[in-house]
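K.L.:
Input: one structure, supplied below.
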Amino acid sequence: PQPPLQKLSAEKLTREGAFLMDCGSVFYIWVGKGCDSNFIENVLGYPDFASIPQKMTHLPELDTLPSERTRSFVTWLRDSRPLSPVLHLVKDESPAKTDFFQHLLEDRTEAALSYYEFLIHIQQQVCK
C-alpha cells in the first residue's frame, strides 16, 4: 500500500515523522529530530536519531517488516523510471536540509511565488 500523499509544504512536516520526497532524479527522506525510534531502528538500522550519519544514501536491508515495506516502496518508485534516482537521507537540523527544503513547491519565499501562486499568475496572464 502507498503512504498518503502530502502537499510539498514545510507546514506538513513534523519533527516526529519521516517523509519521502520524490523529485524525479533524486529521492529525499527527511527524518525529524523526534522521529519514532522504532522507525529509526527498524528501517534505518540505527539505535537513535543522533547515530544516523549525515550522508546516508541507501536504505539498509534489515530483516524487519517496516524495512521491507519501505525498501519495496522505494524500489517500486525507482522501477517506474528509466534512470534510477539517487537517495539522500536528510536529518532535521543538518546542513543538507536546505537541499530538501528548496523542493517544497507549495512554500512561498521572499524571492519566489509558491507553485499555486505561480499557476494563478500564469492563468491571469493568459486571460488578459
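K.L.:
Give me the distance in nm between label points sitting 7 Å out from Cα along the Cα-to-Cβ direction at Phe39 and Leu65, one decimal.
P.N.:
1.7 nm
K.L.:
Oh, and also: Put a dot 7 Å past each Cα toward the Cβ at Leu87 and His58; how far apart are the dots in nm?
P.N.:
Label-label distance for His58 and Leu87, simple model: 0.9 nm.
K.L.:
Calculate, in nm to one decimal, what Cys23 and Tyr46 gain on full extension: separation in residues at 0.36 nm each, minus their alpha carbon distance. Before the final figure, lay out each step's value.
P.N.:
Values: separation 23, 0.36 × 23 = 8.28 nm, distance 2.55 nm.
Between Cys23 and Tyr46, full extension yields an extra 5.7 nm.
K.L.:
Now for a different question. Which trypsin sites (Lys or Arg not before Pro) in region 8-64 sit in a loop by DSSP (not H, G, I, E or B) and have at most 14 other Cβ atoms within 10 Å of their own Cβ?
P.N.:
Details: sites: Lys12, Arg15, Lys33, Lys55; in loops: Arg15, Lys33, Lys55.
Listed in order of number, the matching sites are Arg15, Lys33, Lys55.
K.L.:
Related question: Taking loop as defined by DSSP and a crowding limit of 15 other beta carbons within 10 Å, which GluC sites (Glu not before Pro) in region 38-111 fit? Present the calculation step by step, with values, prior to reporting the outcome.
P.N.:
Details: sites: Glu41, Glu61, Glu68, Glu93, Glu106, Glu110; in loops: Glu61, Glu93, Glu106, Glu110.
Answer in residue order: Glu61, Glu93, Glu106, Glu110.
K.L.:
Distance in nm between label sites at Arg15 and Leu77, each 7 Å beyond Cα in the beta-carbon direction?
P.N.:
2.4 nm
K.L.:
Can you give the FRET efficiency to the nearest 0.05 for Gln102 and Ile122, using r as the Cβ-Cβ distance and R₀ = 25 Å?
P.N.:
On the way: r = 21 Å, r/R0 = 0.84.
For R0 = 25 Å, the calculated efficiency reads 0.75.
Here, each number is a calculation from the coordinates, and none is a lab measurement. Model, not experiment: these values are computed from the prediction. FYI the Cβ positions are ideal-geometry reconstructions off the backbone, even for glycines, and counts take in every protein chain you see.
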